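This report concerns only the one structure given below.
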Amino acid sequence: MIPRLHKVAGLLTTLIIATFWLSTAATELLLDKDAVTAVKVLIPWGILILVPAMVTAGATGMKLAKGRKGGILGTKRKRMPVIAVIGFWC
């Protein structure tokens, strides 16, 4: 159950961020000012889904990596708190 939840949360997070980026880029390049404004207004509503998905991915990832300290997982465990702080700061 936890591995599946981790995959779904990670995929959802990736898709939401890609949607934010692609919709912003497409409207900036191809559409008018009103469309850009509409996208910028809708993105914060997407954040209401993004943040819980990121928290779920992080929590399930920590649970799956419990007890492992070396190798790739050890490196990622050290890196993730820094990434989380940067995410909250930006």
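Since every read-out is calculated from the coordinates, none of them should be taken as a lab result. Predicted, not measured: the structure shown is a model, and the values here were computed from it. Cβ atoms come from the backbone with ideal geometry, glycine included; neighbour counts cover every protein chain shown.
The number of residues in region 47-90 being in contact with a helix residue (DSSP H, G or I) (Cβ under 9 Å, 6 or more places away or on another chain) and among the polar types (S, T, N, Q) comes to 2.
Kindly evaluate residue 20 against the criterion of being aromatic (Phe, Trp, Tyr), surrounded by 11 or more Cβ atoms within 10 Å (Cβ to Cβ) and assigned to a helix (DSSP H, G or I). Yes; evaluated as a whole, the condition is true for this residue. Say we look at region 23-40 and pick out the residues that are in a helix (DSSP H, G or I) and acidic (Asp, Glu); which of these is surrounded by the most Cβ atoms within 10 Å (Cβ to Cβ)? Taking the candidates together, the pick is 28.
Summed over region 41-75, residues that are part of a helix (DSSP H, G or I) and either surrounded by 14 or more Cβ atoms within 10 Å (Cβ to Cβ) or hydrophobic (A, V, I, L, M, F, W, C) (or both) total 23.
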